[in-house]
Amino acid sequence: MCDARLFAPQIAAFSADRAVLVPPLTGANTIAGMAYSVLQCAPPQFALAGLSMGGIVAMEIMRRAPERVTHLALMATNPRAEDPAVSANRERQKAQVRQGHLPAVLRDEMKPNYLADSAQRGDILDLCMTMALQLGPEVFVSQSEALATRPDQQDSLKQVTVPSLILCGKEDRLCPPDRHILLAQLISGARLEIIDGAGHLPTLEQPEATNTALRIWLDGAKSVPPLPPKEIEHV
């Protein structure tokens, strides 16, 4: 339930020397449909970055058209199919939204879990509410359906060979760091960045640290040593 404003600090930082495209993830109720729409408007080859549901769409793009992607960044996301308990909760939320309660669902259940505590938390939450309410209930329902039916991408990620960045906020409660440790292990040579003072939206919460990681990914990913692999017990 975000638009290009989710990446406003990145657009400002990178637009001077790069073409930055942020396709809307609307108009489809499957991850495959969203991936298709992105590929339709993207150039023949491009660096691909996705956050949260955008990261899930990015993984599907890598599965369908890996030859078009030169670099991959997955941020605040999850490679696994949705847990049945989460899907059940989505059904309840969709029913509420269809009854006209989108603002309450966003305000009371979703947005409070997004961000780390910080001085700008209130302003970022206000922006998130504005984006979501402007997208509206139909987009909420279609995006919820896409997330609930998404495929597990763990096997396909093992085939990724392009320079890859895995980035998350240290205080992300929706997609916690252990998911990103898993992602970094699935993609050979991936670099893992865990950003202090950020929750689920590091692009807005800690834009300078996020931009630094993205700059290294784009300009020097092959020259920066990847994180050494390590065992994880609880993912």
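The values are calculated or read from the model by the stated rules, or taken from the named source; none is laboratory data. A quick note: this is a predicted structure, and the numbers were derived from the prediction, not measured. When we count neighbours, we look across all protein chains shown, and the Cβ atoms used for this are built from the backbone with ideal geometry, even at glycine.
Things to note:
- Any chance Asp83 is at pLDDT below 95 and under 18 Å from the mean Cα position of the chain (by Cα): yes
- Inter-residue pairs, beta-carbon under 9 Å, first closer than 17 Å to Ala13 by Cα and in the stretch 193-213, second of a type in the set (Lys, Arg) and part of a strand (DSSP E or B), 6+ apart: Ala213/Arg191
- Residue count, the stretch 68-113 (criterion: closer than 20 Å to Ile166 by Cα and of a type outside the set (Lys, Arg)): 13
- The stretch 56-70, subset part of a helix (DSSP H, G or I) and free of Cβ contacts under 8 Å to residues at least 60 places away in the same chain, residue farthest from the chain's Cα centre (by Cα): Glu67
- When Ala76, Ala49 are checked against the criterion of being among the aliphatic types (A, V, I, L, M), surrounded by 21 or more Cβ atoms within 10 Å (Cβ to Cβ) and at positive phi, Ala76 stands alone in meeting it.
- Taken as a whole, the condition of being under 26 Å from Ala213 (Cα atoms) and among the hydroxyl-bearing types (Ser, Thr, Tyr) does not apply to Thr130.
Every residue, every condition in (1) crowded, with 20+ Cβ neighbours inside 10 Å; (2) of a type in the set (A, V, I, L, M, F, W, C); (3) touching a strand residue (DSSP E or B) at 6+ places or on another chain (Cβ under 9 Å), yes or no:
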| site | (1), (2), (3) |
| --- | --- |
| Asp126 | no, no, no |
| Ala132 | yes, yes, no |
| Pro163 | yes, no, yes |
| Arg173 | no, no, no |
| Ile187 | yes, yes, yes |
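- Taking the stretch 71-179 and the helices (runs of 4 or more DSSP H) fully enclosed by it, the elements with 2 or more residues that are within 23 Å of Ala32 (Cα to Cα) are at 84-98, 121-135, 137-148, 154-157.
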